[in-house]
There are 2 protein chains.
Amino acid sequence: MTEARWLDEREFTMWRAFFYMRRDLERAIEAQLAAHDLSHADYTVLVVLSEIEGQVMRVKDLGTQIRWESSRLAHHLRRMESRGLICRSDSPDDRRGTLAALTPAGLRAIQEAAPGHVTAIRRCFVDLLTDEEIATITSISQRVSAAVAGPATDGATDPATDGATAGRG
Amino acid sequence: MTEARWLDEREFTMWRAFFYMRRDLERAIEAQLAAHDLSHADYTVLVVLSEIEGQVMRVKDLGTQIRWESSRLAHHLRRMESRGLICRSDSPDDRRGTLAALTPAGLRAIQEAAPGHVTAIRRCFVDLLTDEEIATITSISQRVSAAVAGPATDGATDPATDGATAGRG
């Protein structure tokens, strides 16, 4: 095996800090949402469904958008359905499988959780950054996603970037 | 309930891109480690144990360092023990609970996985950044962790920042 090009101290310090920051940030977000009996995974599903026309979409498309493996998503949606947050049905239009729809209870859940969620995002992340840093994070994030997952993930066609729902991501 | 200060379009674009980037990056790392029959969680535990004197530490301290809840960590360590990667024992010195130690198989696993792991980190993240961006990410990460988790998580006393093991995080 070829010897790897190890990280130098500056790169390693950055990677380690970034690694722990991701975890700390995720924990803070999970803790805030837990007060509303939601996980971040629940919230992610609810926000996508709440933003789309008719609040229903194919499970396959949902998985593509939020980048989940289909088995993980199917399992998670089953649990959300048992809690009344979404409901699933066969697609009447085609044979491309299952639809997931937001229920009134799911809509209420996200409406109640969203203000606290955006406040937590501001406190723990957004409001800590300068304008220049916001631009840098955007640029780096798009570059990394493009390198990892190909051009389809650059976010340019993401319907959720509609300004009217800003902050519910 | 007070109306939240929603994200503006620029902030929301950043948050959404950052959210998906974290997921894309994590998926790439998981995929690389899966080729070595390891999860990123396994790797994180193994790297911390491999870097510490004697390759053994208290489970409680391990949890503090990698920021896991104790129940999640206990569950994960049980599974890693059943696979022969670590072994657990009662601490002989005190009553502060369980020790976790790297096994020879665990050491071999991380030695085999580390070169590909650092190559993936470079390809998907580090090598995509300029020197200035590396400094910015370090600064933001430390700021966010400090804001979220308090001064104890600023990384200043993290033994794993030893340059000799750079890149195995």
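For the protein assembly as shown, the normalised intensity computed at q = 0.12 Å⁻¹ comes to -0.94 (log10 of I(q)/I(0), Debye sum over alpha carbons, equal scatterers, no solvent).
Could you check the simple spin-label distance between B:GLU30 and A:GLU30, using points 7 Å along Cα→Cβ, in nm with one decimal? The two pseudo-label positions are separated by 1.3 nm.
Calculated FRET efficiency, B:GLU69 and A:ARG95, Cβ-Cβ r, R0 30 Å, to nearest 0.05?
On the way: r = 43 Å, r/R0 = 1.42.
With a Förster radius of 30 Å, E is 0.10.
Applying both filters, DSSP loop and at most 16 other Cβ atoms within 10 Å, to the trypsin sites (Lys or Arg not before Pro) of segment A:72-118 gives A:ARG83, A:ARG95, A:ARG96. Remark: segment A:3-13, residue by residue, has Karplus-estimated 3J(HN,Hα) of 5, 6, 8, 5, 6, 7, 5, 5, 5, 5, 4 Hz, where x stands for each Gly or Pro and the curve is 6.51 cos²θ - 1.76 cosθ + 1.60 at θ = phi - 60°. Counting Cβ atoms of other protein chains within 10 Å of each residue's Cβ and taking the mean over peptide A:53-63 gives 0.
Inter-copy label distances for B:ASP90: 5.9 nm (label point placed 7 Å from Cα along Cα→Cβ; shortest first).
Proximity of backbone amide H atoms, modeled 1.01 Å from N, is registered between B:LEU99 and B:VAL59, B:SER89, B:ASP90, B:SER91 at under 5 Å, excluding neighbours fewer than 5 places apart on the same chain. Sorted from nearest, the other copies put their A:SER70 label points 4.3 nm away, the label point being 7 Å from Cα in the direction of Cβ.
In percent, what relative contact order does chain B have, based on Cα pairs under 8 Å that are 6 or more apart in sequence? Let's see the in-between values first.
On the way: 123 pairs, mean separation 39.1, N = 169.
Value for chain B: 23 percent.
All alpha carbon pair distances within segment B:26-93 were sorted into 10 Å bins beginning at 0; the resulting P(r) in whole percents reads 18, 54, 25, 3, 0.
Restriction of the GluC sites (Glu not before Pro) in segment B:1-107 to DSSP coil positions whose beta-carbon has at most 10 other beta-carbons within 10 angstrom yields B:GLU3, B:GLU69.
Bear in mind these aren't lab numbers, they're just calculated from the coordinates by the rules spelled out. Nothing here was measured: the structure is a model prediction, and the numbers come from that model. Reconstructed Cβ throughout: ideal geometry from the backbone, glycine too, with neighbour counts over all protein chains shown.
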